[in-house]
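Participant: I have a structure here, written as structure tokens, and I will follow up with some questions on it.
What follows draws every value from the coordinates through simple rules; no lab data is involved. Treat the numbers as computed from the prediction; the structure is a model and nothing was measured. Every residue, glycine among them, receives a Cβ derived from its backbone with ideal geometry; neighbour counts consider all protein chains shown.
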Amino acid sequence: MNFLELVQKRQSCRAYDPTRPVEKEKLDRCIETVRLAPSACNSQPWKLVIVDDPELKNKIAAAADSRLLGFNHFAKDSPILVVVVREAPNLTSKIGTLLKDKPYTIMDVGIAAEHFCLQATSEGLGSCMMGWFDENKVKELLGIPMKKRAELIISLGYPLDDKLRKKIRKPVEEICSFNGY
């Protein structure tokens, strides 16, 4: 499929087949796309913590589950959870962040995470980026240093259903203009 078709096919998967494991080769290709992702000043300010141990994965899923708000119940059925940790930037990126008042490391982590999810889609896998979770609990469970940020959890697995949902998006005129705001 071409790139636009891939983007159209990628969606947040919230129902996984818990009996179907993700093949190591597919996971490795998803990881490789993160390794190759661009970043400000080639800083590569990320680390992926792959959680595939079922007991630990369920504890991480519980830290992402919000009964009150109804968020992320599906994470427990995903065979793999990937915690995306924001690492310190290199000196050049750090200086650029200070001088330009732009959070380059956050942008870089977002780019890397989307690379992962797009590759997952091309592999026939489902994924969902989750930002709502008990970060301190996740860091404690995984031994992530407290000074680091666990920015996202990505669920990964085979979707129960391959049906594409209709994407509800703003019209182009609301998100794009030429030669001026």
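Participant: Mind checking which residues of the range 40-57 are in contact with a strand residue (DSSP E or B) (Cβ under 8 Å, 6 or more places away or on another chain), under 16 Å from residue 157 (Cα atoms) and not aliphatic (A, V, I, L, M)?
Facilitator: 52, 57
Participant: Wholly within the range 45-151, which strands (runs of 3 or more DSSP E) include no fewer than the required count, namely at least 1 residues that are touching a Lys or Arg at 6+ places or on another chain (Cβ under 9 Å) and farther than 15 Å from residue 13 by Cβ?
Facilitator: 46-51, 80-86
Participant: Go over the candidates 7, 22 one by one and state the one that is of a type in the set (A, V, I, L, M), surrounded by 13 or more Cβ atoms within 10 Å (Cβ to Cβ) and not in a helix (DSSP H, G or I).
Facilitator: 22
Participant: If you don't mind, another one. Please go through the range 55-76 and pick out each residue that is surrounded by fewer than 17 Cβ atoms within 10 Å (Cβ to Cβ) and more than 24 Å from residue 146 (Cα to Cα).
Facilitator: Once the filter is applied, which keeps residues that are surrounded by fewer than 17 Cβ atoms within 10 Å (Cβ to Cβ) and more than 24 Å from residue 146 (Cα to Cα), the range 55-76 yields 67, 68, 69, 70, 71, 73.
Participant: Does any residue of the range 166-180 turn out to be touching a residue at least 12 places away in the same chain (Cβ under 8 Å), more than 20 Å from residue 71 (Cα to Cα) and either out of contact with any helix residue (DSSP H, G or I) (no Cβ under 9 Å at 6 or more places or on another chain) or assigned to a loop (DSSP other than H, G, I, E, B) (or both)?
Facilitator: no
Participant: To continue, here is another question. Would you point out which residue out of 160, 164, 125 is closer than 26 Å to residue 23 by Cα and surrounded by 20 or more Cβ atoms within 10 Å (Cβ to Cβ)?
Facilitator: The match here is 125.
Participant: Out of the residues in the range 33-45 that are touching a residue at least 40 places away in the same chain (Cβ under 8 Å) and either surrounded by fewer than 17 Cβ atoms within 10 Å (Cβ to Cβ) or over 19 Å from the mean Cα position of the chain (by Cα) (or both), state the one that is nearest to residue 77 (Cα to Cα).
Facilitator: Here the answer is 36.
Participant: Here is a further query. Just need a number here: residues in the range 46-80 that are more than 14 Å from the chain's Cα centre (by Cα) and hydroxyl-bearing (Ser, Thr, Tyr).
Facilitator: Of the residues in that region, 1 qualify.
Participant: Quick check: is even one residue across the range 93-102 touching a residue at least 60 places away in the same chain (Cβ under 8 Å) and either of a type in the set (D, E, K, R) or in contact with a strand residue (DSSP E or B) (Cβ under 6 Å, 6 or more places away or on another chain) (or both)?
Facilitator: No: zero hits.
Participant: Please enumerate the residues belonging to the range 103-117 that are in contact (Cβ under 8 Å) with a residue 12 or more places away in the chain, over 14 Å from residue 35 (Cα atoms) and touching a helix residue (DSSP H, G or I) at 6+ places or on another chain (Cβ under 9 Å).
Facilitator: Within the range 103-117, 104, 105, 107 meet the criteria.
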